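Visitor: Take a look at the following structure, please.
No lab work stands behind these numbers, since they all come straight from the coordinates. Keep in mind it's a predicted model, so treat the numbers as computed, not measured. Don't worry about glycine lacking a Cβ; one is built from the backbone with ideal geometry, like all the others, and counts go over all protein chains shown.
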């Protein structure tokens, strides 16, 4: 029980720090909007075609914009040796990690909540049809993004080339989760509900979240403390 | 002793490779549908086996490092990963050559090809991460964790092949219940795998020694600076 209280404290602290300055959040949202506009030049947005690549398109926006937030997650603690102080506190490293994952999840979700309606309006896609199922897929995919992103943010926090290394390492590892999220999102936007045809990918996504969350919780002590 | 093992491994690899090449080009007949080019399977498949064996050994060595803190395990993991990545490159190149002739294109986004490419990118990331960290203990620790993550992720991607439509030829070897190859043709694949394994082990040994020397030089340099 105490563990979850610690997680909540860390998540609360991170969110409060971010909401005071909003530097990562504003940058991520602005970047997401810029990519949304740029894509209209890459593809001629014909409404029928948009349905076919909407999942892939949205997840590229989310994961690219997410990298900005994730990069800051641990790096923010470097100033004034906050990271060392956090690690020296009686809070276990796994709780610090999970708290940061929860905070990042909330920030990425905020970016998605802003980007989705804009996508719907700009590309004439009606997103209201699957108001229950789409958030489920988004939540599972965003959790994968937050867990792997926070883990590698911790892994690269002391490197000189942090900003470059994080995306290079994170995207290949995220591929299974991204494939599943893209397929499911495209299906939902195209009018096909979750079910027999794509339940496999829902399982892949769920399993990915479970396996990598456990693995990250197990190894975070080694990464942060040594 | 180490040199003797190294030369013995190289001799075995050379002998086996010469014998296999003779069989591949002189003894084994053309395949009915694909003709001459099918022979590339004797390089393609054993290199995949060697690369995956290597990545698995790297996983074990990384776990061994995390459990023991022995830097030799880290040097071993780094050496094995580098050599396996070279073999993975051969897999991609030979596959592309075969694809160009049989499919008419160098590359298709089939899931098996994609997963091999993702695997390649993941382990290339491992080597980049190693380059980016200077302090040996920190480098060993972080890259060991990365290797374990990478190996599991590759398993994830690889499983997705079997769940999704695929353009790549289905399994032909009897161990995967494919059974499309005649026994005379199939055995050469395994002999070649053995040859490649000997070669990979020999190169890894050389690479490990380099890694140990680099660490020794680094330690000496630090010592010299501290005076």
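Visitor: For the protein assembly as shown, what does the alpha-carbon gyration tensor say about shape, rounded, prolate or oblate, given a ≥ b ≥ c as the root eigenvalues, a/c under 1.5 as rounded, and a/b over b/c as prolate?
Guide: It comes out oblate by the Cα gyration axes.
Visitor: Residue B:213 to residue B:67: FRET efficiency via 1/(1 + (r/R0)^6), r the Cβ-Cβ distance, R0 35 Å, to the nearest 0.05? Intermediate values should be presented prior to the final figure.
Guide: Working: r = 25 Å, r/R0 = 0.71.
That gives a FRET efficiency of 0.90.
Visitor: Rg to Rh for the range A:127-193: what is it, with Cα atoms only and Rh by Kirkwood?
Guide: Working: Rg = 14.8 Å, Rh = 13.2 Å.
Result for the range A:127-193 is an Rg/Rh of 1.13.
Visitor: Now a separate question. Using a Gaussian network model on chain B with a 10 Å cutoff between Cα atoms, which of B:202, B:58, B:18 fluctuates the most?
Guide: Highest fluctuation among the options: B:18.
Visitor: Just checking the output field for A:153-159: average partner chain Cβ neighbours within 10 Å of each residue's Cβ? Spell out each step's value before the answer.
Guide: Working: counts 0, 2, 8, 5, 0, 5, 6.
Taking all residues of A:153-159 together, the mean is 4.
Visitor: Using label points projected 7 Å from each Cα along Cα→Cβ, tell me how many nm separate residue A:43 and residue A:129, to one decimal.
Guide: Placing both labels 7 Å beyond Cα along the Cβ direction yields 1.6 nm.
Visitor: Gain in length, residue B:25 to residue B:2, computed as 0.36 nm per residue apart minus the alpha-carbon separation, to one decimal in nm?
Guide: Numbers: separation 23, 0.36 × 23 = 8.28 nm, distance 3.44 nm.
Length gained, residue B:25 through residue B:2: 4.8 nm.
Visitor: So how tilted is helix B:111-132 from the main axis of chain B? Cα-based, degrees 0 to 90, rounded to 10.
Guide: 20 degrees
Visitor: Counting partner chain Cβ atoms within 10 Å of every residue's Cβ in A:5-13, what's the average?
Guide: On the way: counts 0, 0, 0, 0, 0, 0, 0, 0, 0.
Averaged over the peptide's residues, the number is 0.
Visitor: Right, here's the next one. Mind pulling the angle between the C-alpha long axis of helix A:47-75 and the longest principal axis of chain A? Nearest 10 degrees, somewhere in 0 to 90.
Guide: 10 degrees
Visitor: Quick check: the angle from helix A:133-155's long axis to the longest principal axis of chain A, C-alpha only, nearest 10 degrees?
Guide: 40 degrees
Visitor: Further question on the same structure: Taking neighbour Cβ counts within 10 Å as the exposure measure, how do A:100, B:159 sort from fewest upward? Before the final figure, lay out each step's value.
Guide: On the way: A:100 28, B:159 15.
Ordered by Cβ neighbours within 10 Å, fewest first: B:159, A:100.
Visitor: Most exposed first by the Cβ proxy, i.e. fewest other Cβ within 10 Å, how do A:82, B:151 rank? Walk me through the intermediate numbers first.
Guide: Values: A:82 13, B:151 22.
Ordered by Cβ neighbours within 10 Å, fewest first: A:82, B:151.
Visitor: In a Gaussian network model over chain A where Cα atoms closer than 10 Å are linked, find which of A:17, A:106, A:93 has the largest mean-square fluctuation.
Guide: Among A:17, A:106, A:93, the largest mean-square fluctuation in the Gaussian network model of chain A belongs to A:17.
Visitor: Across 10 Å bins from 0, what is the distribution of all Cα-Cα pair distances for chain B, in whole percents?
Guide: Calculated over all Cα pairs of chain B, the distribution is 7, 28, 32, 21, 9, 2, 1, 0 percent.
Visitor: Please give the direction-averaged projected area of the C-alpha convex hull for chain A, in square nanometres with one decimal.
Guide: Answer in nm², one decimal: 12.7.
Visitor: Same structure again: If you rank A:143, A:59 by fewest surrounding Cβ atoms within 10 Å, what's the result?
Guide: Numbers: A:143 24, A:59 27.
Fewest-to-most Cβ neighbours within 10 Å comes out as A:143, A:59.
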